[in-house]
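In what follows, a single structure is set out as structure tokens and then discussed.
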Amino acid sequence: MESLLTSENLAEWEEMENGQLAMKISKIADAASTQKKFSYDSHFKRSLSSVMCRRWPNASSSLRRGFCIILRCLCREKACIDALLSREIVENVIGSTGFPACCEADTPDQERMEACKCLINAFFHHMPSILVFTELRCLDGLSVAGRKEKDGEKRYLILHLAFVVSARLSETQDYWRRDAPFVHLLCEEALKWEKLPQNADEALKILFNLFCHWPQMRDEVIFDATDEAIFDECLQMARRMLLYAPSQIQNTVNLLACMPIKIDFFFPRLEKGETREISFEGREMTIAQVVMDNLGEKLRESNIEQCEGVELLGTYFTFLIKCSSHSKEVRRYCRLKILPPLHAVDVERPPEIGDALRNKIVRVMHSSCAPREAAAQFMFVLCKRNVNRLIKYTGLGNAAGLLANAGLLGSINEGRRESDSEDSETEDYREVEERVNPVTGYVREERPDPMEGMSQEQKEFEAEKLMTAMHKLMGEGVFKPATIGADGRPTTVGHVLELVKNAKTPEGSDSDSE
């Protein structure tokens with residue numbers, strides 16, 4: 001492209017007639033399409049933009065299409081993009097889409113689609129362009145164009161542009177969320193997942209953008225009939241997607257994670273004598289089973305230790321937490337599938353080792369992945385927010401982060417609650433229960449006592465050596481021991497003797513409390 005597009009070329013463009021220039025631009029556009037990086041400076045890009053603007057009003061459709069292709073290619077890089085995308089050139093490209101409210105021209109499809117592609121690239125790197133788009137009242141125009149477009153591939157470009165706009169500008173989320181015809185289009189497009197999977201994928205991602213701030217807003221906004229109708233249509237579509245579109249479960253769960261859940265809608269109560277393939281305590285549980293199965297499959301395919309393939313799974317836990325928190329039947333069903341009564345064989349190895357869904361979720365809790373807190377919270381909800389039960393199923397080491405953040409470390413030794421009717425253990429588990437290490441969550445092989453055969457003086461000498469070594473490491477900042485404070489959260493100690501009940505620290509210690 002460098003050899004075809006120079007400052008001298010720009011001067012020639014001023015005098016060329018439309019047909020000749022269109023042919024010239026077509027060759028340049030073909031060359032530009034094969035490049036991803038360019039070395040034009042801001043002066044050249046500003047000059048290029050100015051020449052295009054002067055030729056645009058009287059240019060043929062094929063010439064404007066060529067201009068859009070060149071601009072689209074140059075928008076692949078962020079360098080000097082302000083010089084290239086002046087307000088005038090952005091308005092010209094937007095005009096070619098036919099989206100502005102004042103646009104009455106019947107723009108040819110090829111020009112229209114190239115203009116859409118150009119805006120997609122421009123909006124990724126240039127927020128002022130999106131502001132021009134909204135100022136020209138294009139949101140309604142894009143919505144109308146999407147509904148009118150019959151060709152699936154062309155409709156995909158319109159949807160992809162809407163995705164970029166809704167992802168980059170929160171104001172558009174608020175506007176389109178209340179646009180019932182547009183939401184209806186997105187729901188319809190999602191349900192075409194079998195014939196047009198790319199369009200369904202884009203529609204669900206747009207809906208996620210529109211509703212991703214809904215939980216914060218629902219306490220501030222009073223819904224009217226239109227809001228409720230839009231909300232219900234999205235839920236109906238999402239339920240069908242979970243039941244019949246296995247390839248779109250991730251996107252559907254992402255959407256549901258940011259919307260309030262209607263339990264009776266997703267887990268309907270069964271009439272007397274009514275049966276379903278998957279039911280529990282009078283409710284249909286197909287949705288819960290589908291989501292748990294898909295979560296288990298994704299965790300199986302992921303490298304949890306390296307956090308590969310796990311980062312986007314937090315929405316699964318969020319959705320399951322919502323459902324389990326609002327319905328005891330759903331919680332009990334999920335608990336039965338994930339945390340069934342323990343057997344002796346279950347505590348022969350650490351809880352994060354194994355192929356069961358419980359093991360996989362504990363591995364997420366044990367990792368440094370983003371969803372670890374959501375995974376821990378889900379397990380805590382399944383345990384009816386009982387600290388001891390959570391420790392029993394996951395081990396204190398894996399649950400400590402959640403308990404510390406929630407100020408629940410002080411509840412570790414609380415007794416079993418009388419109302420706790422869900423406590424169930426097998427006979428073989430009870431036989432080994434006393435040998436289970438609560439920190440690790442499993443029975444470790446018994447090891448010989450390292451102090452066996454030592455005199456009392458030798459034991460005291462070794463203890464003093466250990467205390468001195470720990471204090472040295474504390475002073476070097478290698479680790480910071482803590483005790484459980486009155487608020488149930490860890491409190492850093494200034495001296496190792498503070499770890500001993502009723503012990504006094506030596507005078508002159510560097511305790512943070514002094």
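Read the figures in this text as sums done on the coordinates, not as results from a lab. Everything numeric here is computed off the predicted structure, so don't read it as measured data. Reconstructed Cβ throughout: ideal geometry from the backbone, glycine too, with neighbour counts over all protein chains shown.
Each residue of the stretch 337-352 in order: what ³J(HN,Hα) in whole Hz does its phi give by Karplus 6.51 cos²θ - 1.76 cosθ + 1.60, θ = phi - 60°, with x for Gly and Pro?
7, 9, 10, x, x, 6, 10, 4, 5, 6, 10, 7, 9, x, x, 8
What's the extension gain from D428 to I263 if we count 0.36 nm per residue and subtract their Cα-Cα distance?
Answer, rounded to one decimal: 55.7 nm.
What list do you get for K392, K117, K150 if you sort them by fewest beta carbons within 10 Å? Intermediate results must be reported in sequence, preceding the final value.
Details: K392 23, K117 18, K150 6.
The order, fewest Cβ neighbours first, is K150, K117, K392.
How many nm is it between the label spots at E305 and N58, if each spot is 7 Å from the Cα in line with the beta carbon?
A separation of 7.1 nm, rounded to one decimal place.
In whole Hz, what ³J(HN,Hα) sequence does the stretch 43-53 give by Karplus (6.51, -1.76, 1.60; θ = phi - 60°), x for Gly and Pro?
4, 5, 5, 5, 5, 4, 4, 5, 4, 4, 5
If you take the beta carbon distance between K150 and A469 as r and set R0 to 51 Å, what does 1/(1 + (r/R0)^6) give as a FRET efficiency, to the nearest 0.05?
0.10
What full-extension length gain, to one decimal in nm, is calculated for S26 and T226 as 0.36 nm per residue of separation minus the Cα-Cα distance?
Extending this stretch completely gives an extra 67.2 nm.
Cα axis of helix 456-475 to longest principal axis of the chain: angle in degrees, 0 to 90, nearest 10?
Taking the Cα atoms of the chain, the angle to 456-475 is about 20 degrees.
How much net charge surrounds F124 when only other residues with a Cβ under 10 Å from its Cβ are counted (Lys, Arg +1; Asp, Glu -1)? It would help to have the intermediate numbers written out before the result.
Numbers: positive: R76, K78, R168; negative: none.
Around F124, the surrounding residues sum to +3.
Can you compute the modelled spin-label distance between R435 and I353, with each label point 7 Å from Cα toward Cβ, in nm?
Distance between the two pseudo-spin positions: 1.5 nm.
Given only helices, namely DSSP H runs of n ≥ 4 each adding -39500 (n - 2.57), what is the per-residue ellipticity at 222 nm of the chain, to the nearest 500 deg cm²/dmol?
-17500 deg cm²/dmol
List the relative contact order of the chain as a percent without decimals, with contacts defined as Cα pairs under 8 Å and 6+ residues apart.
Numbers: 621 pairs, mean separation 37.0, N = 514.
Result for the chain is 7 percent.
Rounded, prolate or oblate: which fits the stretch 287-435, taking a ≥ b ≥ c as square roots of the Cα gyration tensor eigenvalues, rounded meaning a/c under 1.5, else prolate when a/b beats b/c?
rounded
Can you give the FRET efficiency to the nearest 0.05 for D82 and E8, using r as the Cβ-Cβ distance and R₀ = 22 Å? Numbers along the way, then the final one.
Working: r = 25 Å, r/R0 = 1.11.
FRET efficiency, D82 to E8: 0.35.
Listing L312, L157 from the residue with the fewest other Cβ atoms within 10 Å to the one with the most, what is the order?
Ranked by crowding around the Cβ, least crowded first: L312, L157.
Mind checking which lysines have their C-alpha under 17 Å from K45, skipping anything on the same chain fewer than 8 residues away?
K36, K37, K78
What lysines could a cross-link reach from K392, if we take a straight Cα to Cα line under 22 Å and drop same-chain neighbours fewer than 8 places away?
Within reach: K328, K337, K360, K384.
Taking amide hydrogens as modeled 1.01 Å from N in the peptide plane, which residues meet the under 5 Å criterion relative to A482, leaving out close sequence neighbours?
V493
Please work out the C-alpha center-to-center distance from the stretch 75-154 to the stretch 281-360 and express it in whole Å.
44
Work through the residues other than E452 whose Cβ is under 13 Å from its Cβ and net out their charges, Lys, Arg +1 and Asp, Glu -1.
Net charge around E452: -1.
Please list 12-22, 286-296, 33-43 highest first by mean number of surrounding beta-carbon atoms within 10 Å per residue.
Per-residue Cβ counts within 10 Å, averaged per peptide and sorted highest first, yield 286-296, 12-22, 33-43.
Expressed as an acute angle from 0 to 90° and rounded to the nearest 10, what is the orientation of the C-alpha long axis of helix 180-190 relative to the principal long axis of the chain?
Result, in degrees: 70.
If the cut-off is 19 Å between C-alpha atoms, which aspartates and glutamates fall inside it for K480, apart from same-chain ones fewer than 8 positions away?
E464, E498, D510, D512, E514
Could you give the nm distance between label points at E15 and K328, where each point is 7 Å from its Cα heading toward the beta carbon?
Spacing of the two 7 Å Cα→Cβ label points: 8.9 nm.
Provide the FRET efficiency to the nearest 0.05 for the K192-K480 pair, computing r from the beta carbons and using R0 = 60 Å.
Details: r = 56 Å, r/R0 = 0.94.
Once rounded, the FRET efficiency stands at 0.60.
On a 0 to 90° scale, report how tilted helix 18-33 is relative to the longest principal axis of the chain, with both axes built from alpha carbons and the result rounded to the nearest 10.
Helix 18-33 sits at roughly 20 degrees to that axis.
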